[in-house]
Amino acid sequence: MKHQITLTVNGEQWEGEVEPHLTLLRLLREKMGLVGTKAGCEIGECGACTVLLNGEPVQSCLVLAVEVDGSTVETVEGLAADGKLHPLQEAFIEKGAIQCGFCTPGMLMASKALLARRPEPSRDEIKKALSGHLCRCTGYESIVAAVELAAARMK
């Protein structure tokens, strides 16, 4: 039995029918075509699928689509505005925090949530906010440096 849901994704309203077992990750990627959110482990271990649900970072592989009815979701596709990259995206590029890019969308979204609640986070707060996000390429230092740079620029 399918369920009718409505949600706002990156500022746009979406309505449709979803199966009860469909995850938010699969809704975004397969029904909405928003493939920036990556399907990594799909068991909540890697953080690659992190999006903002009502402003809070969640692993979209662990959230059922029926649970987000009436909610607001922001994905990595919603970061850039008016053809201009978000300061986090610019800092990630500048600091070399993007290698293969697979973990980047989840890292960006978790970082955005952190900076929304703590505009001047400490290095330890950044590390804590990014814990649970696996990166096989960068060693994390460039990612932490990128978040610090973006925070300084966003002040």
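Tabulated values for the structure
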{"item": "Radius of gyration, Dmax [region 87-154; alpha carbons; angstrom]", "result": "10.4, 28"}
{"item": "Those aspartates and glutamates that a straight Cα-Cα span of less than 20 Å connects to K155, excepting residues fewer than 8 apart in one chain", "result": "E90, E94, E120, D124, E125"}
{"item": "Inter-part distance where region 21-43 and region 80-110 are each reduced to a Cα centre, Å", "result": "19"}
{"item": "Among the listed pairs K2/K38; K38/K127; K2/K112; K31/K84, those beyond 23 Å (Cα-Cα)", "result": "K2/K38; K2/K112; K31/K84"}
{"item": "Angstrom value of the Kirkwood radius, inverse mean 1/r, which spans all Cα pairs in region 3-78", "result": "12.0"}
{"item": "Contour minus Cα-Cα distance for K31 and K128 (0.36 nm per residue)", "result": "31.7 nm"}
{"item": "Förster radius 22 Å - calculated FRET efficiency between I93 and T72 (Cβ-Cβ, nearest 0.05)", "result": "0.25"}
{"item": "Computed lengthening from I43 to L62, 0.36 nm per intervening residue step minus Cα-Cα distance", "result": "6.2 nm"}
{"item": "Estimated translational D of the chain in µm²/s (Stokes, Kirkwood radius over Cα pairs; 4 °C; 1.567 mPa s)", "result": "83"}
{"item": "Helix-only [θ]222 nm of the chain, DSSP H runs n ≥ 4, -39500 (n - 2.57) each, per residue, nearest 500", "result": "-8500 deg cm²/dmol"}
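Here, each number is a calculation from the coordinates, and none is a lab measurement. Predicted model only: the values in this text are computed from it and were never measured. Cβ coordinates were reconstructed from backbone atoms using ideal geometry, including for glycine residues, and neighbour counts include every protein chain displayed.
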